[in-house]
1. With only alpha-carbon atoms in the gyration tensor, what are the semi-axes of the equivalent ellipsoid for segment A:1-114, in Å, largest first?
2. Once neighbouring chains are kept in place and the probe is 1.4 Å, which whole percent of the accessible area of the protein assembly as shown is contributed by carbon and sulfur?
3. Just for segment A:2-42, what percent of DSSP beta bridges are antiparallel, to the closest 5?
4. Hey, got the dipole for the protein assembly as shown? About the Cα centre, +1 on K and R Cβ, -1 on D and E Cβ, debye to the nearest 20?
5. Shielding of A:176-185 by partners, i.e. mean partner chain Cβ atoms within 10 Å per residue?
6. When the chain is fully extended, how far beyond the present Cα-Cα distance does A:L134 get from A:A36, taking 0.36 nm per residue of separation?
7. If you take the square roots of the eigenvalues of the alpha-carbon gyration tensor of segment A:2-42 and sort them as a ≥ b ≥ c, do you get rounded (a/c under 1.5), prolate (a/b over b/c) or oblate?
8. Please give the peptides B:32-39, A:157-164, B:5-12, A:63-70 ranked by average Cβ packing (other Cβ atoms within 10 Å per residue), highest first, as a rough proxy for protection.
Amino acid sequence: MSVTLNASTSSGLVQTADTSGTIELQSNGTTRLTVASTGVTIGGTFGGSVITSGTAVASTSGTSIDFTSIPSWVKKITVMYSGVSTSGTSNYLVQVGSGSVTTSGYTGQTNSGGGISANSAGFIVCNNIGSASLYVGSVTILLFNSNTYVESGLVGPTTSAASMATSVGAVTLGGVLDRVRVTTVNGTDTFDAGSINILYEG
Amino acid sequence: MTHRIVVDVQTGEVTQVEYTAEEQAAYDAAVAAQAEASAETPAETPVEPTNEV
């Protein structure tokens, strides 16, 4: 429940009230802006450029980390690695999706001193992985047009044990992006160190 | 059981989602295939130094 201010096309201003501490601004019954104790949530198209930070999560277990419920107005997402390590040497992979994670149709590549790895099931954002290394860097995913997204990134180890990787890529989704998955190419290596977060903006 | 971490960026809720039986079976099969492929890969033959001048 929440306090609502609705600009109705039939009744004009319609308001409701409660004690939730949350207020919603509505256009003909559809909530476009919610202000709550946890922050502000925007519904529908957003014309601004506010940068919103997700929740940094420890990448110390599991085979993947999914960031979900990314708003439809988002045009830029930055995935950030901080001291990340995995149990094996599978290349680092970022996938996106609309309703579910898209696992095919990615073009582009990553390139490091370890060679070139072509994208297919996702954006490969770092190759030549050292199992004992900690990785840092960021990957940017931009809305190009319609539901096509392009990616570029720099990810590498915190020491000079191996070279960093540059990456580029593109993918066309079946709808508006609403999720990002951070994982590895083989899908079986597990995260065992560091943390991962995203920023998103309109 | 294997799991993934799911973060709802709008609520900040972080959830650990266990693999379904089907996902776990696929995971186990993939791990077994990787182990088999690794076992079939021949070890590299050491190269003797030549000390050529």
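The values are calculated or read from the model by the stated rules, or taken from the named source; none is laboratory data. Computed from a prediction, not measured in an experiment: that's the story for all the values here. Cβ sites come from the backbone with ideal geometry, for glycine too, and all protein chains shown count toward neighbours. Accessible surface areas use protein heavy atoms only, side chains included; no ligands, DNA or RNA. Shrake-Rupley method; radii C 1.70, N 1.55, O 1.52, S 1.80 Å.
1. Working: eigenvalues 316, 58, 28 Å².
Ellipsoid half-lengths, sorted descending, are 40, 17, 12 Å.
2. Numbers: 7030 of 12980 Å².
About 54 percent, which is the carbon plus sulfur part of the accessible surface.
3. Numbers: 14 of 19 bridges.
Here the antiparallel bridges make up roughly 75 percent for segment A:2-42.
4. Details: 6 positive and 19 negative charges, 215 e Å.
Around 1040 debye, computed over the protein assembly as shown.
5. Working: counts 0, 0, 1, 3, 2, 2, 3, 1, 0, 0.
Per-residue shielding by partner chains comes out at 1.
6. Working: separation 98, 0.36 × 98 = 35.28 nm, distance 3.73 nm.
Length difference between fully extended and current span is 31.6 nm.
7. Numbers: a/c = 4.41, a/b = 1.62, b/c = 2.72.
Judged from the Cα gyration tensor, segment A:2-42 comes out oblate (a/c at least 1.5, b/c at or above a/b).
8. On the way: B:32-39: 10.1, A:157-164: 14.5, B:5-12: 18.6, A:63-70: 21.4.
Highest-to-lowest ranking by the protection proxy: A:63-70, B:5-12, A:157-164, B:32-39.
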